[in-house]
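What follows is a short report on a single structure.
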Amino acid sequence: MREAGGFIEWEDVGPSPVPTSVFRPFEERDPRESLQRRRLRDQRFGVVVRMAYHERCSLCEVGYRVRGRPLGLEAAHIIPVRKRGTSVDVRNGLLLCANHHVLFDEFAWAPDEDLRVHVADDAPFRESAAANCVLDWEGKRLPNLPEKADLRPAAEAVRFRMEQFERFWRS
Ligand SMILES: [Zn+2]
């Protein structure tokens, strides 16, 4: 990194999130990493995930644009950052609309290793979600995935998520 307060280049932020080699699901973070650098890394992860999914939600394919600017889309980490999930590999990412990101974070749904949608067996959720297409996709493969197989979610990341999902609903 350059001197404090200086402009940080993408290359200074760490390795590119575009996969070149083996998927490393976890990331050791330097606790001394500056907030600015952290934000840039997250920002770059977001850009690469948005590009891979052509700026549409992986689940509902919504991709709003207002005056050409994409809105309401968020790059979700499949292995969460708080579990040391990587931000330097697009294969730990999923592009979701704000709605489906919240539901993903709350374990209302999760993709399995074949990237099929599992919906929580929770009656209140299912009733409240009747108007949401998440139920229409249950048991089906996520409709919007990167066409390049090596940009799609890594099996290891999805397996980790599914274990968390199952543990969450068991407890
Ligand atoms: Zn969506």
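Computed from the coordinates by the stated procedures, all read-outs in this text should not be read as laboratory data. Just so it is clear, the structure is predicted and the values come from calculations on it, not from any experiment. No Cβ is skipped: glycine too gets one built from the backbone with ideal geometry, and neighbour counts run over all protein chains shown.
Give the percent of DSSP beta bridges with both residues in the chain that are antiparallel, rounded to the nearest 5.
Bridges in the chain that DSSP calls antiparallel: roughly 95 percent.
Which residue, Val66, Phe168, Leu135, has the largest displacement toward the positive end of the dipole of the range 55-170 when charges sit on each Cβ (Lys, Arg +1; Asp, Glu -1)?
Val66
Using the Cα centre as the reference, give the magnitude of the dipole from point charges on the C-beta atoms of the chain (Lys, Arg: +1; Asp, Glu: -1; all else neutral), rounded to the nearest 20 debye.
380
Taking the 0 to 90 degree range and rounding to the nearest ten, how far is the long axis of helix 155-170 tilted relative to the main principal axis of the chain, both from C-alpha atoms?
50
Can you work out ³J(HN,Hα) from phi for every residue in the range 69-84, in order, using Karplus 6.51 cos²θ - 1.76 cosθ + 1.60 and θ = phi - 60°, giving whole Hz and x for Gly and Pro?
9, x, 10, x, 10, 9, 7, 8, 8, 6, 8, x, 4, 5, 9, 6
Take every Cα pair under 8 Å in the chain that's 6+ residues apart, average their separations, divide by the length, and report that relative contact order as a whole percent.
25
Percent relative contact order of the range 102-171, based on C-alpha pairs within less than 8 angstrom and at least six residues apart?
37
Springs between alpha-carbon atoms under 10 Å, Gaussian network over the chain: tell me which of Glu106, Glu55, Glu33 tops the mean-square fluctuations.
Glu33
Determine ³J(HN,Hα), in whole Hz, for all residues of the range 90-103 in sequence, where each value follows from phi through the Karplus function 6.51 cos²θ - 1.76 cosθ + 1.60 and θ = phi - 60°; x replaces Gly and Pro.
Those phi angles translate into 4, 6, 9, x, 8, 8, 10, 6, 4, 4, 6, 5, 4, 5 Hz.
How much mean residue ellipticity at 222 nm does the chain get from its helices, if each DSSP H run of length 4 or more adds -39500 (n - 2.57) and you divide by all residues, to the nearest 500 deg cm²/dmol?
Taken over the chain, the calculation gives -8500 deg cm²/dmol.
Exactly which trypsin sites (Lys or Arg not before Pro) in the range 67-119 are in a DSSP loop and have at most 15 other Cβ atoms within 10 Å?
Passing sites in the range 67-119 are Arg67, Arg84.
Send over the semi-axes of the range 57-171's equivalent ellipsoid, whole angstrom and largest first, taken as the square roots of 5 times the C-alpha gyration tensor eigenvalues.
Computed over the range 57-171, the values are 21, 19, 13 Å.
Dipole of the range 55-170 (Lys/Arg Cβ +1, Asp/Glu Cβ -1, origin at the Cα centre): which of His77, Val158, Val88 lies farthest to the positive side?
Val88
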